[in-house]
Amino acid sequence: MATSTKKGRSRPAPAPATDADAAPRYTYHYCGVRPGLAPIGGAGVADARASAINTLRDKWLNGTELTYYFFDQPGDGEMVSLSDGSQRFVSWVGPAPQREALRQAFKVWADLGLGVRFREVSSREQAVVRIGFMIGDGSWSYVGRAILEQAANDRTLNIGWDVTQDLDTAIHEIGHTLGFQHEHQNPFSGIVWDEERVYAALAAPPNRWPRQKTFFNILRKLDTSTVEGTAWDPDSVMHYPFEAGLILQPPKYRTQPLRPAGGLSAQDIAQVRQIYPPQPPVNQMTELRLAESRRLTIAAGEQIDLQVRPTRSRTYQLGTFGEADTLIALFEDVDGTLKYRGGDDDSGEDRNARLQMRLQRGRSYVLRVRMYYATFAGETAVMWW
């Protein structure tokens, strides 16, 4: 998994054989990933700074609880237009076996002991991740923190076919939710495509993709500033399988298919554990005292969690100081569960991250700070007042 890229999976589907000279008829349903956050860049943002920000921009703060919800109301769905000009309602509500498959897929990630956690909730108002099962709309997810930009009644993840026998698709979509994109779009993979054969293959059933969608999901190379490391992982759960002949380089895939091994690869596991390592209990975190600044000695890509314990109920400000790009978020400890209360991201901007919030006496809060990039090491601080 290149640190900012991985993508949707596929499901075998029957297809007739073709002769060797024809574009292969694709035998897979593919997931069509939705966008992540736009990369930082442009005038005034040096390449090193942009790269430090963009490799983590889609990733959640470690320790985040990703609550998920399955649409379950009769009115959850949308009207679709049919080829004869008529319309019909298509539901987002999935059958029980499909929902159970998604729970199993979340458990595959959770069993790695990550700092980020997953919890099913019974209402969309409580949910960060909102899952639909709309047949005909493909399988897809928005990438990482781009989920927060979607309307509260919209899906952030869809399953478009039966995944009860295809758990890798569900695992793959949750990988997008965690902030990973398509591995086959890793700019360091060395893949050279037979582009017209790819367009022809994906235009055929079962995908029937237009050229624009094929380009976005397969041929488009990810911005190098969004990818950490150069190791290509063809076995990643975020990699599509491809039939022989669509890839010209590496040359072996001209005559043999590229088939990931299935499930999470060793590189997938190592990378997600690096980004989301286990978190210490709240009672073991260092306290950030009122009106006392704390110098941040964490390196780029690291974060720190600090306890905040107000002795008076009032409106406080919390923020960082110094020439640095940071992401901050405040959580309230409610019976041992950290509930998100607010956040700010100053990456790529000429300002510091700042929150103004009313905190209650006697309650415990956690302020998380992620360091994207610091112009001068050791000259950034955090404070509440």
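For the criterion of being polar (S, T, N, Q) and within 24 Å of Gly136 (Cβ to Cβ), Gln212 passes. Entry remark, segment 100-124: residues being charged (D, E, K, R) and under 24 Å from Pro35 (Cβ atoms) number 1 in total.
Note on segment 77-96: residues that are under 22 Å from Asp162 (Cα atoms) and either of a type in the set (Gly, Ala, Ser) or not assigned by TED's automatic domain parsing to the domain that holds Arg130 (or both) amount to 4.
Pairs are defined by a Cβ separation below 9 Å, a sequence spacing of at least 6 or placement on different chains, a first member in segment 131-156 that is at positive phi, and a second member that is part of a loop (DSSP other than H, G, I, E, B) and of a type in the set (Asp, Glu); the pairs so defined are Gly144/Asp58. Would you call Glu183 more than 15 Å from Ser139 (Cα to Cα), of a type outside the set (S, T, N, Q) and surrounded by 23 or more Cβ atoms within 10 Å (Cβ to Cβ)? Taking the combined requirement at face value, the residue satisfies it.
So which residues in segment 191-207 are within 8 Å of Leu246 (Cα to Cα), assigned to a helix (DSSP H, G or I) and not aliphatic (A, V, I, L, M)?
Within segment 191-207, the subset within 8 Å of Leu246 (Cα to Cα) is 193-195, 197-198.
If we keep only those that are assigned to a helix (DSSP H, G or I) as well, we get 195, 197-198.
Passing the criteria: Glu195, Arg197.
Each residue in segment 305-322 was checked for being in contact with a strand residue (DSSP E or B) (Cβ under 6 Å, 6 or more places away or on another chain) and surrounded by fewer than 15 Cβ atoms within 10 Å (Cβ to Cβ), and 2 pass. Based on what the data block shows, is Thr18 over 13 Å from Val227 (Cα atoms), modelled with pLDDT under 70 and of a type in the set (Ser, Thr, Tyr)? Taking the combined requirement at face value, the residue satisfies it.
Of all residues in segment 44-60, those being surrounded by fewer than 22 Cβ atoms within 10 Å (Cβ to Cβ) and part of a loop (DSSP other than H, G, I, E, B) number 3. Among the residues of segment 289-299, are any of a type in the set (Asp, Glu), modelled with pLDDT of 95 or more, assigned to a strand (DSSP E or B) and not assigned by TED's automatic domain parsing to the domain that holds Asn207? No, segment 289-299 has no match at all.
Restricting attention to segment 334-361, the residues being at pLDDT below 95 and farther than 25 Å from Leu56 by Cβ number 3. Taken as a whole, the condition of being in a loop (DSSP other than H, G, I, E, B), surrounded by fewer than 20 Cβ atoms within 10 Å (Cβ to Cβ), modelled with pLDDT under 85 and in the same structural domain as Glu195 (by TED's automatic domain parsing) does not apply to Pro24.
The values are calculated or read from the model by the stated rules, or taken from the named source; none is laboratory data. The structure presented is a predicted model; accordingly, all values stated were derived computationally and were not measured. FYI the Cβ positions are ideal-geometry reconstructions off the backbone, even for glycines, and counts take in every protein chain you see.
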